[in-house]
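The values are calculated or read from the model by the stated rules, or taken from the named source; none is laboratory data. Everything quoted here is computed from the prediction, not taken from an experiment. Counting neighbours? That spans all protein chains shown, and the Cβs are built from the backbone with ideal geometry, glycine included. Note: areas computed on protein heavy atoms with side chains; ligands, DNA, RNA excluded. Shrake-Rupley method; radii C 1.70, N 1.55, O 1.52, S 1.80 Å.
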Amino acid sequence: MKQQSLASQAVFERYGRKSRRELFLDEMEQVVPWSGLQSLVDPHYAKAGNGRRPVGLGIMLRTYFVQQWFNLSDPGVEEALYESAALRRFVGVDLGVAPPPDETTICRFRHLLEKHDLGGLMLEAVNVHLEARGIRIATGTIVDATIIHAPCSTKNKSGERDPEMHQTRKGNQWYFGLKAHIGVDSKEGVVHSVCTSAASVADKHMLPDLLHGEERKVWGDGGYQGQTEAIQEAAPHAQDMTCRRTKFKNYVDEEAKRKNTTKSKVRAKVEHVFRILKRVFGFDRVRYRGIAKNHHRLCANFALINLYLHRKRLAPLGA
């Protein structure tokens with residue numbers, strides 16, 4: 001028979017330290033503009049009436065953010081709340097009073113956000129919050145895109161792959177999924193524009209939708225070369241700073257190569273955003289079918305990424 005002494009229970013523990021998860025949650029507790037984001041959802045959220053009393057909006061919003069930060073499914077985040085005391089403290093759940101939201105409630109809340117396109121509004125609200133703290137979107141934009149993988153198996157209920165996803169080739173490798181296109185401020189690294197397409201859509205086709213119109217310079221990799229007219233139409237005063245082709249049949253353009261190196265030092269900021277999306281938040285594969293649901297998730301993730309990128313500057317002000 002397994003026995004457990006009283007000394008092994010938390011109340012008698014003498015030693016301990018905060019885990020990386022707890023430190024992360026403490027930081028995000030300070031930097032997320034909770035009241036502003038809750039006010040976006042509140043008009044659409046269920047109110048107490050004659051039926052089942054709804055879970056508090058604050059709890060549901062925090063649960064949704066935990067789901068994004070740790071790349072959890074609806075049942076996965078429910079189970080994580082039962083397993084982790086740190087997550088329960090952050091979300092505001094006390095198992096002695098009430099259970100955490102179940103997976104059905106979490107799924108319905110996510111569908112509510114998707115229905116009213118609140119992911120895009122969250123991104124705008126976060127950028128307004130950052131601007132109020134002195135982190136402003138300036139007159140330079142870096143554009144880039146990344147491929148998010150989707151399941152290519154047909155072993156599912158419909159017997160086919162997601163019809164909204166497509167395949168594309170990058171180098172000698174084929175990929176199936178969608179493509180996330182973003183516009184990032186060249187000074188602060190803030191994501192201000194997000195577009196989502198099938199992976200087969202060329203980067204240059206989404207370029208006008210990634211500019212806010214006040215740019216003086218636009219940076220991009222070789223996939224955006226030759227789009228000077230499109231840039232001028234979307235941002236009349238912008239200078240085309242996209243990388244140029246350097247290798248030709250009989251020679252290498254060393255001057256263009258040198259300029260590309262200089263441009264890449266600015267353009268590299270967009271890669272930090274993709275690193276956080278894929279490596280920190282774990283969004284390197286789609287979880288849902290269709291472009292719309294995944295676009296909503298991307299918008300919400302980029303809103304949280306903007307806060308994560310500037311958490312050191314925001315924390316003292318939010319403390």
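Some observations on this one:
- Apportionment of accessible area to carbon and sulfur, the chain, percent (1.4 Å): 49 percent
- GNM top mover of R14, R136, R275 - the chain, alpha-carbon springs below 10 Å: R14
- Sorting W174, W219, W69 by solvent-accessible area of protein heavy atoms yields W174, W219, W69, largest first, with a 1.4 Å probe.
- Positive-end extreme of charge dipole, region 133-254 - chosen from Q239, L211, H166 (charges on Cβ): H166
- Around K293: net Lys/Arg minus Asp/Glu count, Cβ-Cβ under 9 Å: +3
- Total charge dipole magnitude, the chain, about the Cα centre, Cβ charges on Lys, Arg, Asp, Glu only, Debye to nearest 20: 900 debye
- Under 14 Å of direct C-alpha separation, and excluding same-chain neighbours fewer than eight residues apart, K18 reaches these aspartates and glutamates: D26, E27.
- Accessible surface ranking that places the most exposed of R169, R258, R20, R110 first, with a 1.4 angstrom probe: R20, R169, R258, R110
- For the chain, the solvent-accessible area with a 1.4 angstrom probe is 56 square angstrom per residue.
- Computed [θ] at 222 nm, helices only, for the chain once each DSSP H run of length n ≥ 4 contributes -39500 (n - 2.57): -12500 deg cm²/dmol
- Between amide H atoms placed 1.01 Å from N, distances below 5 Å from D221 occur with C243, all of them 5 or more places distant or on a separate chain.
- Neighbours of T105, meaning other residues whose beta-carbon lies under 13 angstrom from its beta-carbon, give a summed charge of 0 when Lys and Arg score +1 and Asp and Glu score -1.
- Think of the chain as a dipole: +1 on every Lys or Arg Cβ, -1 on every Asp or Glu Cβ, centred on the Cα centre; then among I59, C152, L81, C152 lies furthest on the positive end.
- Straight-distance candidates among the lysines for linking to K47, with alpha-carbon spacing under 18 Å and chain neighbours fewer than 8 residues away dropped: K115.
- Between Q232 and D42, the contour length at 0.36 nm per residue exceeds the alpha carbon distance by 64.4 nm.
- Using Cβ point charges alone (K and R +1, D and E -1), the dipole size of region 142-270 about the Cα centre works out to roughly 660 debye.
- When the chain is described by a simple charge dipole with +1 on each Lys and Arg Cβ and -1 on each Asp and Glu Cβ, the residue from I106, N250, F70 located farthest towards its positive end is N250.
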